[in-house]
Amino acid sequence: MIMAMDIGGTKIKYGVLNPSGQFVSSFPRMFSTPETNLVPELNSLILEIQKDFPLKAVGISIAANVGRDGTVFHATNLPISTPIELGRILTENLGIPVKIENDGNCAALAVSKSPGIPENDTFVVLTLGTGVGGGIIYNGELMDSDTGAVAELGHISLDPEGPLCGCGKQGCLEAFIGESALVERYNRKASRQLHSTLEISRLLETEDEGALDVARFAGETLGRGMAIISDIIAPRSFYVAGGVAGLGVPFLTATRESLSRQCFLRLFTRTPSVELVKDAHLLSLKGAWVLAS
Ligand SMILES: [Zn+2]
């Protein structure tokens, strides 16, 4: 059996999966990310699970830049000092292989094992939430790197004079369509105090003008970012997941129109499709299982 974990800035999800990728027992479970001592906490959690399940390996998805060898180089929202050879440390402590990968890359791995995905496919997964991240499968292989600074899709700059991004640059895709930017846009225009894109997506059902504006703006802007990615790797598809991707038909339509108007492929062949990932909340956790399988 494989233990999979998904370590985010606020929550850690984990579970034990059988060789077919099904959760066993009462998994998946979740708890709040500890504010200190992340590594000892992970170590003791895995040891606890090992008492009850014969684990072959552990796969960890983490909101961080992770090198090919399992070294975590950069993690903005986690109680961990970097760089740290987390993969090697946990493998030595536990006596079983522990594989670690960035959460966006894990999401891409999970999609790569979904029904109907061709063997040597090229596609992009975009996770659209508080942050904008993702992963790229190129000719059937995950694009990774020694430093883990790969597929930083949320930090493609669309406007050097645009809004300031958390990374210190201006006009990044994330600075335009990260959840807080979209909620701020809605509140500014509608003089309201919403807190999430989930609230905005509910307002779409009532044809709320402000909600439609946010959904169309997010789609138009995302399509511009996708066109840049498309011009580099010409993927078959883009898969979108996360809260912002829940902005319904107006969002998806605007994304598709924007991409097909701006990518180079439009000149002579079909443009990449844009598809919504369903049940995306466990995507990175499932990717961690793929990683360790
Ligand atoms: Zn940025």
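Any idea which residue in segment 153-166 is surrounded by the fewest Cβ atoms within 10 Å (Cβ to Cβ), counting only those that are without any contact (Cβ under 8 Å) to a residue 60 or more places away in the chain and assigned to a helix (DSSP H, G or I)?
Out of the qualifying residues, it is His155.
Condition first: away from the ligand (no atom under 16 Å from the Cβ) and either outside the structural domain of Leu198 (by TED's automatic domain parsing) or open to solvent by 40 Å² or more (accessible area, probe 1.4 Å) (or both). Now tell me which residues in segment 121-142 satisfy that. Please lay out each step first, then the result.
Of all residues in segment 121-142, those away from the ligand (no atom under 16 Å from the Cβ) come to 121-125, 135-142.
Those that are away from the ligand (no atom under 16 Å from the Cβ) and either outside the structural domain of Leu198 (by TED's automatic domain parsing) or open to solvent by 40 Å² or more (accessible area, probe 1.4 Å) (or both): Tyr138, Asn139, Glu141.
For (1) among the polar types (S, T, N, Q); (2) in a helix (DSSP H, G or I); (3) within 16 Å of the ligand (Cβ to nearest atom); (4) surrounded by 15 or more Cβ atoms within 10 Å (Cβ to Cβ), each residue gets a yes or a no:
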position: Asp69; (1), (2), (3), (4): no, no, no, no
position: Thr76; (1), (2), (3), (4): yes, no, yes, no
position: Ile96; (1), (2), (3), (4): no, no, no, yes
position: Ala107; (1), (2), (3), (4): no, yes, no, yes
position: Glu119; (1), (2), (3), (4): no, no, no, no
position: Asp144; (1), (2), (3), (4): no, no, no, yes
position: Ala151; (1), (2), (3), (4): no, no, yes, yes
position: Gly168; (1), (2), (3), (4): no, no, yes, no
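Just give me the residues in segment 194-204 being assigned to a helix (DSSP H, G or I) and open to solvent by less than 30 Å² (accessible area, probe 1.4 Å), in sequence order. Steps first, please.
We begin by selecting, within segment 194-204, every residue assigned to a helix (DSSP H, G or I); these are 197-204.
Selection gives Thr197, Ile200, Ser201, Leu204.
Name every residue in segment 259-268 that is under 20 Å from Ile136 (Cβ atoms) and either out of contact with any helix residue (DSSP H, G or I) (no Cβ under 8 Å at 6 or more places or on another chain) or open to solvent by less than 20 Å² (accessible area, probe 1.4 Å) (or both), in order of residue number.
Leu259, Cys263
Quick check on segment 126-134. Is at least one of its residues hydroxyl-bearing (Ser, Thr, Tyr), under 16 Å from Gly242 (Cβ atoms) and part of a loop (DSSP other than H, G, I, E, B)? Please lay out each step first, then the result.
First, pick out the residues of segment 126-134 that are hydroxyl-bearing (Ser, Thr, Tyr): 127, 130.
Then drop every residue that is not under 16 Å from Gly242 (Cβ atoms), which leaves 127, 130.
Remaining after also requiring part of a loop (DSSP other than H, G, I, E, B): 130.
Yes - at least one qualifying residue is present in segment 126-134.
Given the criteria under 21 Å from the mean Cα position of the chain (by Cα) and more than 20 Å from Ser260 (Cα to Cα), does Gly166 qualify?
Numbers: under 21 Å from the mean Cα position of the chain (by Cα): yes; more than 20 Å from Ser260 (Cα to Cα): yes.
So Gly166 fits the description; yes.
I'm told Ala57 meets every condition in (1) at pLDDT 95 or above; (2) in contact with an Asp or Glu (Cβ under 6 Å, 6 or more places away or on another chain) except one. Can you identify the failing condition by its number?
All conditions pass for Ala57, except number (2).
Failed condition for Leu90, given (1) at pLDDT 95 or above; (2) farther than 15 Å from Leu291 by Cα; (3) more than 24 Å from the chain's Cα centre (by Cα), with all others met?
Every listed condition holds for Leu90 apart from (3).
If you go through segment 174-193 one residue at a time, how many are away from the ligand (no atom under 16 Å from the Cβ), open to solvent by 20 Å² or more (accessible area, probe 1.4 Å) and either within 15 Å of Ala254 (Cβ to Cβ) or of a type outside the set (D, E, K, R) (or both)?
Within segment 174-193, residues that are away from the ligand (no atom under 16 Å from the Cβ), open to solvent by 20 Å² or more (accessible area, probe 1.4 Å) and either within 15 Å of Ala254 (Cβ to Cβ) or of a type outside the set (D, E, K, R) (or both) number 5.
May I ask you to say which residue of Glu85, Glu41 is under 19 Å from Ser284 (Cβ atoms), open to solvent by 80 Å² or more (accessible area, probe 1.4 Å), without any contact (Cβ under 8 Å) to a residue 40 or more places away in the chain and of a type in the set (Asp, Glu)? So that I can check it myself, show each step before the final result.
Numbers: Glu85 fails: under 19 Å from Ser284 (Cβ atoms).
So the residue among Glu85, Glu41 that is under 19 Å from Ser284 (Cβ atoms), open to solvent by 80 Å² or more (accessible area, probe 1.4 Å), without any contact (Cβ under 8 Å) to a residue 40 or more places away in the chain and of a type in the set (Asp, Glu) is Glu41.
Quick test of your reading of the structure: Phe238 fulfils all but one of (1) out of contact with any Cys (no Cβ under 7 Å at 6 or more places or on another chain); (2) open to solvent by less than 40 Å² (accessible area, probe 1.4 Å); (3) farther than 16 Å from Gly134 by Cα. Name the failing condition by number.
Phe238 satisfies every listed condition except (3).
Are any of the residues in segment 208-217 more than 21 Å from Leu158 (Cβ to Cβ), open to solvent by 70 Å² or more (accessible area, probe 1.4 Å), modelled with pLDDT under 95 and of a type in the set (Asp, Glu)? Break it down into steps so the answer makes sense when it comes.
Initial filter on segment 208-217 (more than 21 Å from Leu158 (Cβ to Cβ)): 208-212.
After this cut, where a residue has to be open to solvent by 70 Å² or more (accessible area, probe 1.4 Å) as well, the list is 209.
After this cut, where a residue has to be modelled with pLDDT under 95 as well, the list is none.
Within segment 208-217 (the criterion being more than 21 Å from Leu158 (Cβ to Cβ), open to solvent by 70 Å² or more (accessible area, probe 1.4 Å), modelled with pLDDT under 95 and of a type in the set (Asp, Glu)), the answer is no, since none of the residues qualifies.
Run Phe176 past the list (1) part of a helix (DSSP H, G or I); (2) out of contact with any Ser or Thr (no Cβ under 9 Å at 6 or more places or on another chain) and report the number of the one that doesn't hold.
Just one mismatch for Phe176, condition (2).
The values are calculated or read from the model by the stated rules, or taken from the named source; none is laboratory data. What you see is a predicted model, and the numbers here were worked out from it, not measured in a lab. Because the Cβ atoms are built from the backbone with ideal geometry, glycine has one as well, and the counts that use them run over all protein chains shown. To get the accessible areas, we keep the full protein, side chains included, count just its heavy atoms, and leave off ligands, DNA and RNA. Shrake-Rupley method; radii C 1.70, N 1.55, O 1.52, S 1.80 Å.
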